[in-house]
Amino acid sequence: MSARDAMLAKFRDRKAGFSLEREFYCDPDYYQADLENIWYRDWLFVGHDCELPKSGSYLTVQVGDYPIVVVRDAQKNIRAFHNSCRHRGSRICSAAKGTAAKLVCPYHQWTYELDGRLLFARDMGPDFKPAEFGLKPVHCETVGGYVFVSLAEQPLSFQPVRALIEPYLAPHRLGEAKVAFEMTIVEKGNWKLTWENNRECYHCAGSHPELCRTYPEAPGATGVDGHDDPETKEHWDRCEAAGLPSKFTMHASGQFRTARMPLLRDAVSYTMSGKAAVRRPLSDTVTAPKIGTMMFFHYPTTWNHVLGDHAVSFRVLPKGPTETEVTTKWLVHKDAVEGVDYSLDEMTKVWIATNDQDRRIIEENQIGILSPAYRPGPYSELHEGGVIQFVDWYCRFMGERLRGERTPHLAEVA
């Protein structure tokens, strides 16, 4: 039986509210199906506008088999290309980020303009047509300081994503921020385990002492049940009165959602004290106190926390059936000065500790799942509703795509 048929059979027989079967977390053929049907077809968060401050600034990412370069061109537009020379395929930009006047292949020095046009190819003969050998473009969109790409030949509309998250991001002006610090870790676990762990705080009290100083462990902390919680509703009403969209909103597909949630007690930031980590607010236009955290996620690549003093973005990229790369970036006001306006240690301590704790959790989870004795277990409806939602989204999307059905309409917002 092919992996496609086996996956569809398991989707049909799956018991609702239970974890996935073993193969979904480790089988190379299932992993390849994930790449082809999700990672190579959906919009993926790759970085921030502010990481490309001037013409020639670039960043690179690897999505499955595809190396990608994202660059700001001479007209200040952000573009993305397949990071593969049109001569013999060499990767052109190998650094994670940098600046270049032109994109030059290190192998034979084929030279490309920042808009992808081939400018120079030495000794290729009179019949060679440079216009036919420009870099292959990758679809690219920006919203609220975030850069997304899609590897699909004809990508899904990005407008539903923009319509939902842009109003929440706009007041924070992240396009004018700067990355104060970033870190990348590799978790020895399947990418879905990274997301499952992120979608619940059932484990937080026993695993995240630093995070639990400011982030509530309550099941409704992500906003799903906020309309029924007086404290959350009061928080939304107060923030929206200050011009900050806040209420929980999820797209009908379940793929992306956002909400502005309160932190514990008087906390205003993810620090050990709960006090602001950065003296200069992230945006000069957001002056309301105690705005909590504006959280949004977009499967399969990103979850985020945008606070009053700084923002933290997380990017997920698959590296193999049992290996996932997670990159965390801390953003501050573009004029904030390290050592004057903020201490890196104070700002990053909570999430550096939490990331490492989650890495260990995920790796132990993966080891246990690799056992032939593993069988799917039940999720807690009270504490793991976010995990159930993620797994249901995955099964539904993969099932539709494996069957060749039309992707659900992405213009409707629930």
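The values are calculated or read from the model by the stated rules, or taken from the named source; none is laboratory data. It should be emphasised that the depicted structure is a prediction, and the values quoted were computed from it without experimental measurement. Cβ: placed from backbone, ideal geometry, glycine included. Neighbour counts: every protein chain shown.
Some notes on this structure:
- Whichever residue in the range 191-223 is among the β-branched types (Val, Ile, Thr) and at pLDDT 95 or above and, among such residues, is surrounded by the most Cβ atoms within 10 Å (Cβ to Cβ): Thr194
- Boolean, Arg22 is crowded, with 17+ Cβ neighbours inside 10 Å and over 28 Å from Asn304 (Cβ atoms): yes
- Within the range 372-385, being surrounded by 14 or more Cβ atoms within 10 Å (Cβ to Cβ) and in a loop (DSSP other than H, G, I, E, B) holds for Tyr374, Pro376, Tyr379, His383, Glu384.
- Residue-level check: of (1) closer than 28 Å to Gln366 by Cα; (2) touching a Phe, Trp or Tyr at 6+ places or on another chain (Cβ under 7 Å); (3) surrounded by fewer than 18 Cβ atoms within 10 Å (Cβ to Cβ), Pro67 misses just (2).
- For Glu381: the one exception among (1) touching a Ser or Thr at 6+ places or on another chain (Cβ under 8 Å); (2) more than 26 Å from Asp42 (Cβ to Cβ); (3) among the charged types (D, E, K, R): (1)
- Whenever a residue of the range 71-94 is assigned by TED's automatic domain parsing to the domain that holds His108, it has no partner that is acidic (Asp, Glu) and crowded, with 20+ Cβ neighbours inside 10 Å lying with C-beta atoms less than 6 angstrom away and at least six residues away or across chains.
- Residues that are buried (at least 23 other Cβ atoms within 10 Å of the Cβ), of a type in the set (A, V, I, L, M, F, W, C) and in a strand (DSSP E or B), drawn from the range 298-314: Val306, Ala311
- Residue match in the range 357-371 (condition: out of contact with any Lys or Arg (no Cβ under 8 Å at 6 or more places or on another chain), in contact (Cβ under 8 Å) with a residue 12 or more places away in the chain and exposed (fewer than 15 other Cβ atoms within 10 Å of the Cβ)): no
- All positions within the range 224-248 that are surrounded by 19 or more Cβ atoms within 10 Å (Cβ to Cβ), closer than 22 Å to Pro300 by Cβ and either polar (S, T, N, Q) or more than 19 Å from the chain's Cα centre (by Cα) (or both): none
Here's the yes/no breakdown for (1) within 30 Å of Thr258 (Cβ to Cβ); (2) hydroxyl-bearing (Ser, Thr, Tyr):
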{"residue": "Tyr66", "(1), (2)": "yes, yes"}
{"residue": "Ala80", "(1), (2)": "yes, no"}
{"residue": "Ser84", "(1), (2)": "no, yes"}
{"residue": "Arg91", "(1), (2)": "no, no"}
{"residue": "Lys102", "(1), (2)": "no, no"}
{"residue": "Ala121", "(1), (2)": "no, no"}
{"residue": "Phe128", "(1), (2)": "no, no"}
{"residue": "Glu153", "(1), (2)": "yes, no"}
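- Residue in the range 343-351 that is among the aliphatic types (A, V, I, L, M) and under 16 Å from Asn197 (Cα atoms) present: no
- Taking the listed residues Ile369, Ile388, the one that is of a type in the set (A, V, I, L, M, F, W, C), over 24 Å from the mean Cα position of the chain (by Cα), at pLDDT 95 or above and not in a loop (DSSP other than H, G, I, E, B) is Ile369, with no other qualifying.
- Counted residues, the range 70-115 - those being in a loop (DSSP other than H, G, I, E, B), touching a Pro at 6+ places or on another chain (Cβ under 8 Å) and over 20 Å from Ser55 (Cβ atoms): 4
- Considering (1) among the hydrophobic types (A, V, I, L, M, F, W, C); (2) farther than 27 Å from Gln389 by Cβ; (3) touching a residue at least 12 places away in the same chain (Cβ under 8 Å), the lone condition that Met1 does not fulfil carries the number (3).
- Residue within the range 28-39 that is closer than 30 Å to Leu119 by Cα and crowded, with 19+ Cβ neighbours inside 10 Å present: no
- Annotation note: Cβ proximity below 9 Å between a residue of the range 14-41 that is under 19 Å from Gly189 (Cβ atoms) and outside the structural domain of Gly189 (by TED's automatic domain parsing) and a residue that is part of a loop (DSSP other than H, G, I, E, B) and aliphatic (A, V, I, L, M) (sequence gap 6+ or interchain) occurs for Trp39/Leu151.
- Scanning the range 368-379 for residues that are touching a helix residue (DSSP H, G or I) at 6+ places or on another chain (Cβ under 9 Å), charged (D, E, K, R) and within 18 Å of Glu182 (Cα to Cα) turns up nothing.
- Selection within the range 101-117 - crowded, with 16+ Cβ neighbours inside 10 Å and either aliphatic (A, V, I, L, M) or within 12 Å of Phe133 (Cβ to Cβ) (or both): Leu103, Val104, Cys105, Trp110, Thr111, Tyr112, Leu114, Gly116
- Search result, residues across the range 249-283 that are among the charged types (D, E, K, R), closer than 25 Å to Lys334 by Cβ and touching a strand residue (DSSP E or B) at 6+ places or on another chain (Cβ under 9 Å): Arg260, Arg279, Arg280
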